[in-house]
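S.K.: What follows is a single structure, and I will ask about it in a moment.
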Amino acid sequence: MNTGKLVFAQIMEHLPLTTFRRCVARYRGEYKVKSFSCTDQFLCMAFAQLTYRESLRDIEACLGAQAGKLHHMGIRSNVARNTLANANAVRDWRIYAEFAQSLIGVARRLYAEEPFGVDLKETVYALDASTIDLCLSVFAWAPFRSTKAAIKLHTLLDLRGNIPTFIHISDGKLHDVNVLDLLLPEPGAFYVMDRGYLDFERLHRLHEASSFFVTRAKTNLKALRRYSRPVDRSTGLICDQTIVLTGFYSRQDFDTPLRRIKFKDPETGKRLVFLTNNFALPAITIADLYRCRWQVELFFKWIKQHLRIKVFFGTSENAVKTQIWIAVSVYVLVAIVKKRLNLSASLYEMLQILSLTMFEKMPLDQMLNNIVIEEIQSMSANQLNLFN
């Protein structure tokens, strides 16, 4: 079926290019562009992500060495680093952000029935943020400390398939809790977050939207116990209580009862106190949901280790956001290919294989299914592997 097609071209076949063209047209991405189109820009940056290129010069040298195959990759013009740098700096990053969101929609439908560790039909999201440090003298538009710059990736991760459904890129000064103002709550869904997001006024908005949240209580929480339910202490549970807030401001922000669950982690011995507005699920399920929040931490570590989002090809805000959104698109695209071709290899293993075979012509499913996984694992035993 794919005889004669490059592996890179086979992967890009899964892109909804009609949707991409609509995004380009919406933001006039090719206004006064003569040769190097937005599609060419996306494919070059996707190639850089898949093959671990380190700079624009690196991309130019690699693609220049395979100039006779560019047409078969879908790239319709020659690649020069100055042209690519200008495209990243000038063309609206929202083109690639909107396109990534369309890919996320495709991936979420494919992974809708994927298990994630808790037997629950409702959608479960994990919310967190990760900071990428930058040089203040080069990235002056992203202030963080007095001596350094940074950007934050605020991410809402769908735990079914570990698909990022919402990403907001800000400078390092934006506090994590402010991102709750940007979310559109989904009725019936669970939002799992750490205590950095404990703002009762914002959490009440989730409650009013018929959404559920699971978070950790702070040590200075002022509350009055109304009712205690029996718990099985052999599971690590200490108590399961209905409480009302008694703090002056917290009582005004959240005037309905909450559920407080105390849990002792049997592995670490650490005592954790959870707050939720859900009274239907068993207490141990609430504790399990919070444990699943760790997946978003692994997601950040994984993309920082295996995608190019820590070293940037441009210094402008537009270039940085363009690179991050294309990296997210590549991550989601590989997840889509894995599901559509029913591949047993993990995303990490797929990326390792693809990085060395972009110019091969073997059918993609045959190549990825016949690879000896043990050899790859032995070469990278110390690498973080999030997807099994």
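S.K.: Just one of 289, 298, 272 is among the hydrophobic types (A, V, I, L, M, F, W, C), in contact with a strand residue (DSSP E or B) (Cβ under 9 Å, 6 or more places away or on another chain) and open to solvent by 20 Å² or more (accessible area, probe 1.4 Å); which is it?
M.R.: 272
S.K.: Sticking with this one: Look at segment 79-91 and say how many of its residues are open to solvent by 70 Å² or more (accessible area, probe 1.4 Å) and either farther than 17 Å from residue 43 by Cβ or touching a helix residue (DSSP H, G or I) at 6+ places or on another chain (Cβ under 7 Å) (or both).
M.R.: Residues in segment 79-91 being open to solvent by 70 Å² or more (accessible area, probe 1.4 Å) and either farther than 17 Å from residue 43 by Cβ or touching a helix residue (DSSP H, G or I) at 6+ places or on another chain (Cβ under 7 Å) (or both): 3 in total.
S.K.: Which residues, counting only those in segment 159-181, are in a loop (DSSP other than H, G, I, E, B), out of contact with any Asp or Glu (no Cβ under 7 Å at 6 or more places or on another chain) and in contact (Cβ under 8 Å) with a residue 24 or more places away in the chain?
M.R.: 159, 162, 172, 173 - these are the residues of segment 159-181 that are in a loop (DSSP other than H, G, I, E, B), out of contact with any Asp or Glu (no Cβ under 7 Å at 6 or more places or on another chain) and in contact (Cβ under 8 Å) with a residue 24 or more places away in the chain.
S.K.: Continuing with the same structure: Test residue 126 against the criterion of being modelled with pLDDT of 95 or more and more than 16 Å from residue 48 (Cβ to Cβ), and give yes or no.
M.R.: Against the criterion (modelled with pLDDT of 95 or more and more than 16 Å from residue 48 (Cβ to Cβ)), residue 126 qualifies.
S.K.: Under 7 Å between Cβ atoms, which residue pairs at least 6 apart in sequence (or on different chains) link something in segment 324-341 that is in contact (Cβ under 8 Å) with a residue 24 or more places away in the chain with a partner that is of a type in the set (S, T, N, Q) and assigned to a helix (DSSP H, G or I)?
M.R.: From residues that are in contact (Cβ under 8 Å) with a residue 24 or more places away in the chain, the pairs are 326/49; 327/49; 330/49.
S.K.: Restricting attention to segment 259-270, does a residue exist that is under 28 Å from the mean Cα position of the chain (by Cα) and within 20 Å of residue 203 (Cα to Cα)?
M.R.: no
S.K.: Is there any pair linking a residue in segment 252-263 that is at negative phi to one that is among the aromatic types (Phe, Trp, Tyr) and open to solvent by 40 Å² or more (accessible area, probe 1.4 Å), with Cβ under 6 Å and at least six apart or on different chains, and which?
M.R.: That search, which allows pairs on different chains as well, returns 259/279.
S.K.: Within segment 92-100, identify whether any single residue is farther than 29 Å from residue 343 by Cβ, open to solvent by 60 Å² or more (accessible area, probe 1.4 Å) and at pLDDT 95 or above, and answer yes or no.
M.R.: yes
S.K.: Quick one: in segment 267-305, of everything that is of a type in the set (S, T, N, Q) and out of contact with any helix residue (DSSP H, G or I) (no Cβ under 6 Å at 6 or more places or on another chain), which residue is farthest from residue 243 (Cα to Cα)?
M.R.: Per the stated criteria, the residue is 305.
S.K.: Condition test on residue 42, is it open to solvent by less than 40 Å² (accessible area, probe 1.4 Å), touching a Phe, Trp or Tyr at 6+ places or on another chain (Cβ under 6 Å) and in a helix (DSSP H, G or I)?
M.R.: no
S.K.: Residues that are of a type in the set (D, E, K, R), at least 2 per element: which helices (runs of 4 or more DSSP H) completely within segment 59-126 meet that?
M.R.: The qualifying helices (runs of 4 or more DSSP H) are 94-110.
S.K.: Name the single residue that is farthest from residue 206 (Cα to Cα) among those in segment 182-192 being assigned to a loop (DSSP other than H, G, I, E, B) and touching a Phe, Trp or Tyr at 6+ places or on another chain (Cβ under 9 Å).
M.R.: Ranking the candidates gives 182 first.
S.K.: Right, something else. Identify, by number, the condition in (1) more than 24 Å from residue 285 (Cβ to Cβ); (2) assigned to a loop (DSSP other than H, G, I, E, B) that residue 154 doesn't meet.
M.R.: Unmet condition: (2).
S.K.: Scan segment 261-268 and give yes if some residue there is in contact with a Gly (Cβ under 6 Å, 6 or more places away or on another chain), surrounded by 19 or more Cβ atoms within 10 Å (Cβ to Cβ) and of a type outside the set (A, V, I, L, M), otherwise no.
M.R.: There is at least one residue in segment 261-268 that is in contact with a Gly (Cβ under 6 Å, 6 or more places away or on another chain), surrounded by 19 or more Cβ atoms within 10 Å (Cβ to Cβ) and of a type outside the set (A, V, I, L, M).
S.K.: Could you please find all residues in segment 109-136 being of a type in the set (Gly, Ala, Ser) and either crowded, with 19+ Cβ neighbours inside 10 Å or over 19 Å from residue 185 (Cα atoms) (or both)?
M.R.: The answer is 117, 126, 129, 130.
S.K.: Still on this structure, I have one more. If you take the residues in segment 2-34 that are more than 24 Å from the chain's Cα centre (by Cα) and open to solvent by 90 Å² or more (accessible area, probe 1.4 Å), which one is nearest to residue 92 (Cα to Cα)?
M.R.: Among those that are more than 24 Å from the chain's Cα centre (by Cα) and open to solvent by 90 Å² or more (accessible area, probe 1.4 Å), it is 28.
S.K.: Would you check which residues across segment 222-251 are assigned to a helix (DSSP H, G or I) and either within 31 Å of the chain's Cα centre (by Cα) or loosely packed, with under 12 Cβ neighbours inside 10 Å (or both) and list them?
M.R.: Those that are assigned to a helix (DSSP H, G or I) and either within 31 Å of the chain's Cα centre (by Cα) or loosely packed, with under 12 Cβ neighbours inside 10 Å (or both): 233, 234, 248, 249.
S.K.: Residues to consider are 215, 219; find the one that is part of a loop (DSSP other than H, G, I, E, B) and within 32 Å of the chain's Cα centre (by Cα).
M.R.: Of the residues listed, the single one that is part of a loop (DSSP other than H, G, I, E, B) and within 32 Å of the chain's Cα centre (by Cα) is 219.
The values are calculated or read from the model by the stated rules, or taken from the named source; none is laboratory data. The shown structure was predicted, so the numbers you read here are calculated from the model rather than taken from an experiment. A quick note on method: Cβ atoms are made from the backbone with ideal geometry, for glycine too, and the neighbour counts reach across all protein chains shown. Calculation scope for accessible area: heavy atoms of the full protein, side chains included, ligands and nucleic acids excluded. Shrake-Rupley method; radii C 1.70, N 1.55, O 1.52, S 1.80 Å.
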